[in-house]
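Data block below; observations after.
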Amino acid sequence: MKINRKQRTANKHKRIRTKIKGVKARPRLTVFRSNNHIYAQVIDDIEQKTVTSSSTQEALIKQSVNTGRNCDAAKMVGESIGDKMIKLGITNIVFDRGGKLYHGRIKVLADAVRSKGLQF
């Protein structure tokens, strides 16, 4: 049976998740990219809790951008999640790109988070 693109991405994400763990001192920043929006979550895997999150669905970001499909929206989400992490006192994170290529919207989001002073 032939494996389609979604199954390949899911397999890649499972492989990545076996190697990446977020702890309280260094939580995991995970990114989910859909066709219309981009979502970012900071997760503590030990307690299995989401520390904070941001997406193009938030009211402030939704008002500022026309669509959640472009790099401008990803940059705003990255800056938003970066600000939230700084307020919580998080400076080191583990980046989980969700099986997607480190390119385009994923890269712009990561660069925006780095510009806020967080270290991967």
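Here are some notes:
- Working note: 222 nm ellipticity from helices only, DSSP H runs with n ≥ 4, each -39,500 (n - 2.57), summed and divided by the residues of the chain, gives -13000 deg cm²/dmol to the nearest 500.
- Neighbourhood net charge (15 Å Cβ-Cβ; Lys/Arg +1, Asp/Glu -1) for residue 38: +3
- Projecting the Cα atoms of 86, 46, 16 onto the dipole axis of the chain, where Lys and Arg carry +1 and Asp and Glu carry -1 at the beta carbon, places 16 farthest toward the positive end.
- Cα gyration tensor, the chain - rounded (a/c under 1.5), prolate or oblate: oblate
- Estimated distance in nm for a label pair at residue 103 and residue 6, the labels positioned 7 Å out from Cα along Cα-to-Cβ: 2.2
- Between residue 119 and residue 15, the modelled label-to-label distance comes to 3.0 nm, taking each label 7 Å out from Cα in the direction of the beta carbon.
- Ordering of 48-54, 38-44 by burial proxy (mean other Cβ atoms within 10 Å per residue, highest first): 38-44, 48-54
- Sequence of 65, 113 once ranked by neighbouring C-beta atoms within 10 Å, starting from the fewest: 65, 113
- Sequence-separation-based contact order of the chain, relative, with Cα cut under 8 Å and 6+ spacing, percent: 27
Throughout, read-outs are computed from the coordinates displayed, never taken from laboratory work. Keep in mind it's a predicted model, so treat the numbers as computed, not measured. Ideal geometry is used to build each Cβ from the backbone, glycine not excepted, and the neighbour counts take in all protein chains shown.
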